[in-house]
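The values are calculated or read from the model by the stated rules, or taken from the named source; none is laboratory data. Values in this document were obtained by computation on a predicted structure and should not be read as measured data. Glycine also receives a Cβ, built like all others from the backbone with ideal geometry; neighbour counts cover every protein chain displayed. Just the protein is used for accessible areas: all its heavy atoms, side chains included, with ligands, DNA and RNA removed. Shrake-Rupley method; radii C 1.70, N 1.55, O 1.52, S 1.80 Å.
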Amino acid sequence: MTTRFDGSRDVRRATARLARRLPEPLEDLAWISYNYLWSWTPRGEDLFRLIDDHRFTMAGENPVRFLSNLPERDLLRASTSPEILEVLAGVARTMEAELARPTTAVLDGGPVAFFCAEFGVHQSLPVYSGGLGVLAGDYLKETSDQALDVVGMGLLYRRGYVHQRMDLTGWQHEYWLEANTGQLPAARVRGANGLPIKVRVPIWDGDLVAHVWRVNVGRTPLYLLDAELPENSPLERWVTARLYEGSHDVRLAQYALLGIGGVRALDAMGITPGLVHLNEGHPALASLEIASRLPREDGTRDERLDAVRERFAFTTHTPVPAGNETYTPDEFFSVLGHTIDSMGLSREQVSAVSRIDPTSLDEPLGFSPLAIRSSRSTNGVSARHGEVARDMWQPLFPGTSAADVPITSVTNGVHLPTWMSPTMRGLLDGFLGPDWERHANDPAMWAHVDEIADVDLWAARTAMRQRLIDMVRSRTVVDRLARGEDVDFAASAESAFDPAYLTIGFARRLATYKRLDLLFHDTERLATIIDHEQGAQFVIAGKAHPNDDGAKTVARNVFTLNRSLDLPNTVVFLEDYDMTVAPTLVAGCDVWLNLPRPPMEASGTSGMKAAMNGCLNLSVLDGWWSEGYNGQNGWAIDGTTLEDPAAQDERDATALYDLLEHEVRPTFFARDANGIPVAWIAMIRASLRSLAPTYSTARMLADYRQRIYRPTR
Ligand SMILES: *Cc1c(COP(=O)(O)O)cnc(C)c1O
């Protein structure tokens, strides 16, 4: 094998540097810290929390930063603690065994290169905004668990996604924090000459230069391109400053760096992908780069643009035309003209493949048409989304009826070891047999949840709810103080929530189609549901995109209505929703709400995370729930659409209140002599049995391997 400069050596070098700071008995902590596998290895997080819980939290749960800044006396003390050394030895053994397994090739031609604009691997690597990124992170973790030959490609946004602060009126404000790359669990990839690899992409009138960072996600490397270099102009450096930047021009430059620069980066590292998986349209320009490397045939049309199709697969995540960003030819070529020219491709043909109708010269250019035309396979992310996508993209296939449009679907899943709380995992360990996570998609195994005693399942649920309540209390006090609320009011949150109440969660991006406001459609009815001796409480969280004033207005209305209901300690808004709070939320709620305006929820994954933890779903029959719901494993709101959106909201809000009042609450509070909600627990079992084996990344990746990646002959 030829030597690859794939960054593994550079990560080892960074590890050795960190190890030098550690007392000898703790040296293994260095390599553990440089591989996110610790975050889904049992006791991995405990290991750092045992050393210093508070400092680990303050370090943003980033172990490299934590250990780099931990005072020497604390390191010495930890190095003599038998408990810490024992946990360390256990975690190191598990991780070593995992990393030593042989790799399985997915395809003969080389690894699958998974390109995505965002990756949610862990809260300490802030290069994600929401569902798309978390899915991409979960996917990488699963490829590691299955020991598959896959690499990830993305961008290292120095300032990540927005942080959220609400003011006293409930209006969202944003701020950004700059990551200290020197303390990320990542290393710059160096080439044969010992210097960092440089990737160049002509953007605007200059030559954008980027370095490549490697992050170990278990066995799977994630590469991130970084333009924060002295040779770039301030504008060029801004290309990897923020995720989902407001300006069209900057976003185009980002996607060019990701798509074109990503292929060049792989090449510089000696990695030839067998297949490029475009996760959402953003990286679609990768197809132009690969086309430009093929030998040119003579002819009027550039055949190379067709010839790349065997090398690409495309997953679309957007069910509405407006969600598929487009650019005028002027915009497109003022940013990318030089690149396209330097690749020897014709602007006319690039425009033609990026339009729905190749002959319509006024039509703007989009990455979804380009990705669909460049890929041998296109898929949506739930069965219903597959249908919607076939309809939506039918114009790309003139003469084909919508039903026959070659777009299929692979329903999303979630990475179970990441999203199942340690409490639930501990409970299941006793019933599902050894190594059960390796058979997570086997329904027969999940049948064993019937053997768990009601009291044990209920005790686990109660513990998870209590943990959520503790988090709600401490974060709400701080949120209120930071917002400038009265001190007494802020402090009153210390007794917010009642551990005996039905706890209902709604947390996701605050896009208007998610219809958070449906919950407040009839505040009087809501108040009677909440304010009852068998009461309910709501925890709400989510960020609006900085440019989405509509979504910010919804959030503000929720604030105002909540204040007028005078129930501020039973309906709580947690600020700055991200992967730090999400696991506690999905595990601690009893009911997880999802109220999208159908058919706009392509999949939705937070409900899957909830289900893994024994939290029940109440959702509109859209996205994954229209196939996940079976009548016994949660509750459903009609997913059909009405012409008049106001009438639809009215219908759906009434259905929501009816369910909460007449089904959800009575079932939750129907207790036997020991105080156990027997019917509720039966529903939890039905939910685990039916949903856990299917809506995991184990099943999702098996689908991708069999149906999407399979070599075509
Ligand atoms: C899972 C997850 C999401 C996606 O939630 P949806 O149900 O798809 O809306 C968004 N943000 C975070 C932090 C998540 O963990």
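Below are the figures for this structure:
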read-out	value
Amide H within-cut-off set for residue 377, under 5 Å, with H built and near neighbours excluded	314
Proximal lysines relative to residue 141, as straight alpha-carbon distance under 21 Å, when same-chain residues fewer than 8 apart are discounted	609
Segment residue 431-residue 198, length gained on full extension (0.36 nm per residue, minus Cα span)	78.7 nm
Segments 233-245, 184-196 sorted - mean Cβ within 10 Å per residue, highest first	233-245, 184-196
Cα-projected label distance for residue 473 with residue 673, points at 7 Å along beta-carbon direction, nm	3.3 nm
Paramagnetic reach from residue 24 in segment 56-77 [backbone N under 17 Å; point 7 Å along Cα→Cβ]	76-77
Accessible area in the full protein assembly, largest first, 1.4 Å probe, for 429, 249, 108	108, 429, 249
Solvent accessible area, Å² - residue 689, 1.4 Å probe, full protein context	90 Å²
Protein accessible area in the chain, 1.4 Å probe - carbon and sulfur %	51 percent
Whether segment 8-99 is rounded, prolate or oblate, judged on the alpha carbon gyration tensor where a/c under 1.5 counts as rounded	rounded
Rounded accessible area per residue of segment 8-99, 1.4 Å, Å²	49 Å²
Computed label-point distance, nm, for sites residue 658 and residue 96 using a 7 Å Cα→Cβ extension	6.1 nm
Qualifying lysines (Cα of each under 17 Å from Cα of residue 552; at least 8 residues distant if same chain)	514, 543
Rg and Dmax of the chain, Cα atoms only, in Å	25.4, 83
Euclidean distance of C-alpha centroids, segment 234-248 and segment 10-83, integer Å	33 Å
Cα-centred dipole magnitude for the chain, charges only on beta-carbon of K, R (+1) and D, E (-1), debye, nearest 20	2100 debye
Karplus 3J(HN,Hα) series, Hz, for segment 618-629 with 6.51 cos²θ - 1.76 cosθ + 1.60 (x for Gly, Pro)	10, 8, 5, 6, 9, x, 5, 5, 5, 10, x, 6
From phi via Karplus (6.51, -1.76, 1.60), per-residue ³J(HN,Hα) for segment 420-433 in Hz, x at Gly/Pro	8, 5, x, 4, 5, 4, x, 5, 6, 3, x, 10, 9, x
Estimated 222 nm signal from helices in the chain, with DSSP H stretches of n ≥ 4 weighted -39500 (n - 2.57), rounded to 500	-12000 deg cm²/dmol
Set of segment 92-121 residues, backbone N closer than 18 Å to the point 7 Å along the Cα-Cβ line of residue 49	92
Under Karplus coefficients 6.51, -1.76 and 1.60, residue-wise ³J(HN,Hα) of segment 104-116 in Hz, glycine/proline x	9, 6, 8, 9, 5, x, x, x, 6, 9, 9, 9, 8
